[in-house]
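Since the structure comes first, as structure tokens, the remarks are kept for the end.
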Amino acid sequence: MSRQYIIRRLLVAIPSLLGISVVLFCVLALAPGDPFSEIAANPAIPPEVAASLRAKFGLDDPVWLRYLHWLSAMAHGDWGFSFASRINVDTLILQRLPTTLIVIGAAQILAIVVALPVGVLAGTRPYSIFDQVANTLAFIGFSLPTFFTGLLLIMLFSIKLDWLPMVYNAELSSTGWPWLWEQIRQSIMPVMVLGLFQGASLVRYVRSAVLDVVRLDYVTTARSKGIGERRVITRHVVRTALIPVVTLVALQMPIVFSGAIVTEQIFRVPGIGSLLIAAMLANDTPVIMAVTFVFACLVVMFNLIADVLYGWLDPRISYR
Amino acid sequence: MAETLLDIRGLKTWFATDDGLVRAVDGVDLHIDRGETLGVVGESGCGKTVTARSVLKLIDMPPGRFEDGQILWQGRDLIPLGQDEMDKIRAREIAIIFQEPMTSLNPVYTVGHQIAEVLQQHEKLGARQAMQAAVEMLRLVNIPNPQKRVHDYPHQFSGGMRQRVMIAMAMSCKPRLLIADEPTTALDVTIQAQILELMQEMKDKLGMSMMLITHAMGVVAETCQRVVVMYAGKVVEEAPVEALFGNPRHPYTQGLIRSIPRVDRAAEHKERLEAIPGSVPSLLDPPPGCRFASRCKYAMDICVRGMPPFKEVGPGHRVACVL
């Protein structure tokens, strides 16, 4: 694995991102309505003013010209202007992104921390009671959609028991420990819902990866070396079983982000996902374009991370 | 009388499957003396490998289980031993190498690491010392440029070289017994000879004993002092190697010997190789009598009624056949 390989992969990513942006832009251009449709419908604004505004922002230009405008602005670091929020799109995204990253990050950590030991234990003791219980729970876990479990938790813990806040507040007034306490209290439910959903499918991947490795010849070799069952499992089974799992986790990250859109909506988490939904409802094209483009960048980035990790974990694979 | 190192008595290793109990090893007696090479022969599925793995308790339990018998290692029964006790014997006193050198090494660790792991565990060496010792082991098994090769991964070695690495790993703690489970079956013929020679050399150098499991009668003739012939989970004949080839008593052994290809004769006369008709009976519900009876051309009524007892037919030569 070389630095050259990573640089080359990053260079290859540029045309694919360009292609993605063209498709996104065209699809958005085809969608009905634009940020000024409301202005046009407002009788208080004279049609000439509306027309001059449209001309100023180039909304009636051909699609390819608008795309080139957008592209050159992006190249200069100008992400556009949100008509609905009246601030720059990049400021808006930067406001929302940390919340999303914290919630998703915590959920992913929870998923891995739960799924790894459970999956390994279940895989090394197939068809035991533990394995069957873990399997059943995992099956239930990923069969229930997050919008259902989310609402269920809100019903139980916010409405019936009144233990946890129902709405996520990004601007908590308190500081220090009380702030941390509030932060944890309001994050528990979204993190749990997202993390356990992810963890449930991860358990099954880990379990089947471990099952595949455990019956391989080199595990018997490792046992014959008298190094102890614990070492056999951690060094020889888990280490190799993790190769497909790690890449899978990395490749799934974009799906996690899109799953977070739903979770953010349910718990009113003011993250990038709820920003996207709000922008769509408000016909705020620059924001929709920017957020979807950020998602596209994440997909490309995690693909690269998956490949790099794969080469790093498996010495049989070398990139030149 | 030489000192007995390993003494397997009436070993029964059975497996619970969906179809019922498979009696893979069903009452095996064999022993290995210090310094000798014992060949264990028989066709695929006769229980050779299960016997070998039973000695190191490398059988998955469940589905496997020891139904009966003893595995006496220097007089001490291994069957009741716990995991920790077994781990002190594995690699340090009894080492094993397997049939498939391509899959027997972990692909994600360097060969040096995998050899050093054994030394760190049993000889309590530090990481650096263990790696140095691993280099020495690779040199011992004639791997060229060991200083550099020690940092290579298994996929960078050929099949024969990997089997050398396996031998180096097995030898690293100077065990008293090496169990070689078809060590040359997966290799080219020319490499086979090299590996056998290497194992012989190692054995002489370290003064250890060897249990060589194979279905190649030629290999047995070349390397072993004594031979045990297994059929369908049981030992059918046991003899010093000269007696076995010179005067095979069991019809199955005779068949095995006749099925050795003779290149010289085949080239001249285009003789058809003699095969034993039929195949190994199911070990699910074995018949009460001699298990070879259904394929034996001398089979009589009494063969089907009960398992023929062992009888001594010469010095160290025992056979389970009524003939």
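A few points about this structure:
- Scattering profile of segment A:232-309 at q = 0.18 Å⁻¹ [log10 I(q)/I(0), Debye over alpha-carbon scatterers]: -0.78
- Of the trypsin sites (Lys or Arg not before Pro) in segment A:176-211, not one is in a loop by DSSP (not H, G, I, E or B) with at most 16 other beta carbons within 10 Å.
- Translational diffusion of segment A:167-320, estimated by Stokes-Einstein from the Kirkwood radius over alpha carbon pairs at 25 °C in a medium of 0.890 mPa s, is 130 µm² per second.
- Taking only Cα atoms of segment B:59-138, radius of gyration then Dmax in Å: 15.6, 44
- Computed over the Cα atoms of the protein assembly as shown, pair by distinct pair, the Kirkwood hydrodynamic radius stands at 30.3 angstrom.
- Karplus (6.51, -1.76, 1.60) ³J(HN,Hα), θ = phi - 60°, over segment A:3-15, in Hz, Gly and Pro reported as x: 5, 4, 4, 5, 4, 5, 4, 5, 5, 5, 5, 4, x
- Base-10 log of normalised Debye intensity for segment A:195-273 (one unit scatterer per alpha-carbon) at q = 0.19, 0.20 Å⁻¹: -0.81, -0.86
- Where labels lie 7 Å past Cα in the beta-carbon direction, separation of residue A:23 and residue A:48 in nm: 4.5 nm
- Whichever aspartates and glutamates have a C-alpha closer than 15 Å to that of residue B:234, once near sequence neighbours (fewer than 8 apart) are set aside: B:26, B:29, B:43, B:67, B:68, B:285
- Centroid-to-centroid separation of segment A:48-109 and segment A:241-290 [C-alpha atoms, Å]: 17 Å
- Rough spin-label spacing in nm, given labels placed 7 Å along Cα→Cβ, for residue B:67 and residue A:127: 1.9 nm
- Value of [θ]222 nm, deg cm²/dmol, for chain A, DSSP H segments ≥ 4, -39500 (n - 2.57) each, nearest 500: -24500 deg cm²/dmol
- Paired Rg and Dmax values of chain A, which use every Cα atom, in angstrom: 24.3, 87
- Note that segment B:185-201 has calculated 3J(HN,Hα) couplings of 4, 8, 10, 4, 4, 5, 5, 3, 4, 4, 5, 4, 4, 4, 5, 4, 4 Hz, one per residue in order, obtained from phi through the Karplus relation 6.51 cos²θ - 1.76 cosθ + 1.60 (θ = phi - 60°); glycine and proline are x.
- Residue-wise HN-Hα coupling along segment A:69-78, computed from phi with Karplus coefficients 6.51, -1.76, 1.60 (Hz; x: Gly, Pro): 4, 4, 5, 5, 4, 4, 4, 8, x, 9
- At q = 0.12, 0.15 Å⁻¹, base-10 log of I(q)/I(0) for segment B:103-174 (Debye sum, equal scatterers on each alpha carbon): -0.24, -0.38
- Over all other residues within a Cβ to Cβ distance under 10 Å of residue B:99, the charged ones net out to -4, with Lys and Arg as +1 and Asp and Glu as -1.
- Likely footprinting exposure, B:73, A:79, fewest C-beta neighbours within 10 Å first: B:73, A:79
- For residue B:227, residues with placed amide H under 5 Å, excluding near neighbours: B:39, B:239, B:241
- Under a model in which nothing but the beta-carbon of Lys, Arg (+1) and Asp, Glu (-1) is charged, segment A:78-222 shows a dipole of about 280 debye around its Cα centre.
- Where the Cα pairs of segment B:3-77 fall when distances are cut into 5 Å bins, in %: 4, 15, 26, 25, 17, 8, 3, 1, 0
- From least to most packed, judged by other beta carbons within 10 angstrom and beginning with the fewest, B:17, A:263 follow the order B:17, A:263.
- Note on the protein assembly as shown: dipole from Cβ charges, positive end direction compared against A:119, B:240, A:205; the farthest Cα belongs to B:240.
- Separation of the alpha carbons by more than 19 angstrom is noted, of B:12/B:311; B:174/B:205; B:124/B:205; A:225/B:148, for B:12/B:311; B:124/B:205; A:225/B:148.
- Cα-only radius of gyration and Dmax that characterise chain B, units Å: 20.5, 67
- The calculated FRET efficiency for the pair residue A:184 and residue A:277, based on their C-beta separation and a Förster distance of 22 Å, comes to about 0.30.
- Within the protein assembly as shown, percent of DSSP bridges classed antiparallel, to nearest 5: 65 percent
- As a proxy for reagent exposure, ranking A:25, B:245 by other Cβ atoms within 10 Å from fewest up yields B:245, A:25.
- Exposed-site-free run, longest, chain B (rule: trypsin sites (Lys or Arg not before Pro); DSSP loop; at most 12 other C-beta within 10 Å): B:125-261
- For segment B:192-260 and segment B:3-55, distance of Cα centres in Å: 15 Å
Every number here is computed from the coordinates shown, using simple stated rules; none is lab data. Just so it is clear, the model here is predicted, and its values are computed rather than measured. No Cβ is skipped: glycine too gets one built from the backbone with ideal geometry, and neighbour counts run over all protein chains shown.
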